[in-house]
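The values are calculated or read from the model by the stated rules, or taken from the named source; none is laboratory data. Predicted model, so just to flag it, every value in this text is computed and none were measured. Cβ placement follows ideal geometry from the backbone for every residue including glycine, while neighbour counts extend to all protein chains displayed.
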Amino acid sequence: MIYFTRAVFAYLLIALLIFSVDRKLCANVLTSEDSYFEVVGMDGRSVGIVSQISQHIVKSCQKYMTQLPDRYPQRVLVVLRPPSEVESGVNYKTKIHSGGFVQIDFNWDQSLDLETVCFGLTEAFVYRYAIYQYGSIGPKNCKYWPISALSSQSYLNLRSAQMDSYYGQLRTSGVPDLMTLLQLPNINSSKIATSREGYWMLRSLRDQSMDRGQIARLIEYSIAGNNVGELLQEFLLEQSPDANDLESWWFASMSALAEVPFDRVESMRISEGWIRNAVDFSAFEKEAGREVKDIRALWKLRDNPSIREMLSARQALIALRIVRVNPAYFNAARSLALMYENILQSENSYEYLHAWTLYLGDFEDANRLQAQTYELLENYKRK
């Protein structure tokens with residue numbers, strides 16, 4: 001019965017989107033859904049990209065939201081609306097409906113940046129979690145800092161080069177005092193916050209070598225609407241008996257972070273890992289309805305609309321990630337993006353095979369360089 005109600009609600013909202021625009025576009029309304037999100041839009045590539053970003057956010061949040069269910073009874077509905085159908089000057093709007101339904105409408109045009117998308121999706125995801133755990137009052141009580149922390153973490157995992165912007169803002173504008181940050185409800189956050197402040201809390205806790213389980217408790221209690229000042233002090237005292245003044249700890253943490261240099265690119269091992277994931281063809285098997293063993297099997301499925309959406313989304317995510325890829329793996333990432341482009345665009349199989357061969361060679365060269373580099377560093381340590 002719950003699933004039936006959710007399905008009817010989603011159907012009505014999709015129908016509303018269809019009839020709110022030119023009827024000639026009705027056939028182009030597309031959807032993508034998983035255990036937590038349902039994305040609706042007029043463009044398959046956009047729907048695919050947002051769907052993959054939402055999955056990325058879920059994986060990032062799962063590290064600290066330890067009571068997350070396997071799926072939401074009512075998925076978060078994400079609607080990518082054309083600018084003509086959204087209030088002017090608004091990037092997105094999150095709506096809470098009766099029955100546990102959360103909907104977020106994005107003003108989907110070129111001016112919408114990735115950081116805003118990450119924050120909006122994280123906000124809607126956490127609101128749905130708050131309803132699941134604490135009932136309809138959950139979103140109203142939810143604090144700002146865990147949403148900011150989790151969304152910033154997700155964003156920086158995709159665009160690590162933007163860490164420069166975060167540090168620049170920290171050095172010029174600072175952050176709110178600790179008690180203000182811990183007590184600020186998310187619904188009032190836009191008055192004093194920029195979506196980034198919570199990241200520095202998460203970063204400070206990590207730099208304190210705080211156990212992930214303790215960080216998860218702080219986030220969970222804050223989502224529940226609690227001021228975690230006392231709990232935070234308890235955890236800090238376990239780390240250092242002298243940490244009895246939270247404001248002094250916060251000031252010292254921010255001062256130290258403002259002076260810390262940072263890496264603009266990934267380590268070679270991290271780049272190797274996500275590139276390996278980007279050639280995992282098993283992800284296509286659900287849409288294909290059969291086993292996809294290798295690149296030739298994927299080529300034969302290139303006319304399947306669902307497969308094309310996934311290929312476009314994967315290509316777009318490689319483009320997002322390539323700005324932070326380790327230089328050793330840049331050629332491999334570029335060859336891989338070209339291979340997916342050729343599968344989508346080319347009529348000649350030899351073109352995608354050529355790109356695939358280039359990728360294999362580039363990836364092998366990068367792995368060889370990585371092994372040599374780590375061997376050199378290890379030998380240097382032993383000298």
Name the pairs: first residue in the range 292-305 and in the same structural domain as Y350 (by TED's automatic domain parsing), second residue exposed (fewer than 12 other Cβ atoms within 10 Å of the Cβ) and in a helix (DSSP H, G or I), Cβ to Cβ under 7 Å, at least 6 apart or on different chains? V292/S282
For the range 363-374, check the following and say yes or no: at least one residue is among the small types (G, A, S), modelled with pLDDT under 85 and either on the phi < 0 side of the Ramachandran plot or not assigned by TED's automatic domain parsing to the domain that holds A278 (or both). no
Working carefully through the options W249, W200, find the one that is over 26 Å from the mean Cα position of the chain (by Cα) and buried (at least 16 other Cβ atoms within 10 Å of the Cβ). W249
Since P241 meets every condition but one in (1) exposed (fewer than 11 other Cβ atoms within 10 Å of the Cβ); (2) assigned by TED's automatic domain parsing to the domain that holds A371, which condition does it not meet? (2)
Output the residue which, of all residues in the range 23-69 that are part of a helix (DSSP H, G or I) and of a type in the set (K, R), is nearest to R212 (Cα to Cα). K59
Cβ contacts < 9 Å: first residue on the phi > 0 side of the Ramachandran plot, restricted to the range 48-65; second residue at pLDDT below 90, any location; separation 6+ or different chain. Result? none
Selected residue [exposed (fewer than 13 other Cβ atoms within 10 Å of the Cβ), at pLDDT 85 or above and outside the structural domain of A216 (by TED's automatic domain parsing)] from R71, R81: R71
Scan the range 263-296 for residues that are surrounded by 17 or more Cβ atoms within 10 Å (Cβ to Cβ), part of a helix (DSSP H, G or I), under 19 Å from the mean Cα position of the chain (by Cα) and among the aliphatic types (A, V, I, L, M) and report the count. 1
Which residues, taken from the range 205-215, are under 20 Å from G174 (Cβ atoms) and either among the β-branched types (V, I, T) or surrounded by 20 or more Cβ atoms within 10 Å (Cβ to Cβ) (or both)? L205
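This table checks each residue for (1) more than 13 Å from the chain's Cα centre (by Cα); (2) within 20 Å of L317 (Cβ to Cβ); (3) among the polar types (S, T, N, Q).
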site: D43; (1), (2), (3): yes, yes, no
site: H56; (1), (2), (3): no, yes, no
site: S60; (1), (2), (3): no, yes, yes
site: Y64; (1), (2), (3): yes, no, no
site: Q67; (1), (2), (3): yes, no, yes
site: D70; (1), (2), (3): yes, no, no
site: P73; (1), (2), (3): yes, no, no
site: R81; (1), (2), (3): yes, no, no
Would you list the strands (runs of 3 or more DSSP E) that sit entirely within the range 70-158 and hold 1 or more residues that are basic (K, R)? 76-81, 92-97
Which one is modelled with the highest pLDDT, of the residues in the range 184-197 that are in a helix (DSSP H, G or I) and surrounded by fewer than 17 Cβ atoms within 10 Å (Cβ to Cβ)? I187
First in the range 193-209 and over 15 Å from L246 (Cα atoms), second anywhere and part of a helix (DSSP H, G or I) and of a type in the set (D, E, K, R), Cβ under 8 Å, 6 or more apart: S195/E115
When the residues of the range 250-262 are filtered to those that are of a type outside the set (G, A, S), free of Cβ contacts under 8 Å to residues at least 24 places away in the same chain and assigned to a helix (DSSP H, G or I), which remaining residue is farthest from P305 (Cα to Cα)? F251
Tell me yes or no: at least one residue of the range 310-323 is in contact with a Leu (Cβ under 6 Å, 6 or more places away or on another chain) and among the small types (G, A, S). no
Scan the range 162-189 and report the pairs whose first residue is under 21 Å from A130 (Cα atoms) and whose second residue is among the β-branched types (V, I, T), with Cβ atoms within less than 7 Å and a gap of 6+ or a chain change. L181/V175; L182/V228; N186/I147
Scanning the range 297-327 residue by residue, the ones that are surrounded by fewer than 18 Cβ atoms within 10 Å (Cβ to Cβ) and of a type in the set (A, V, I, L, M) total 5
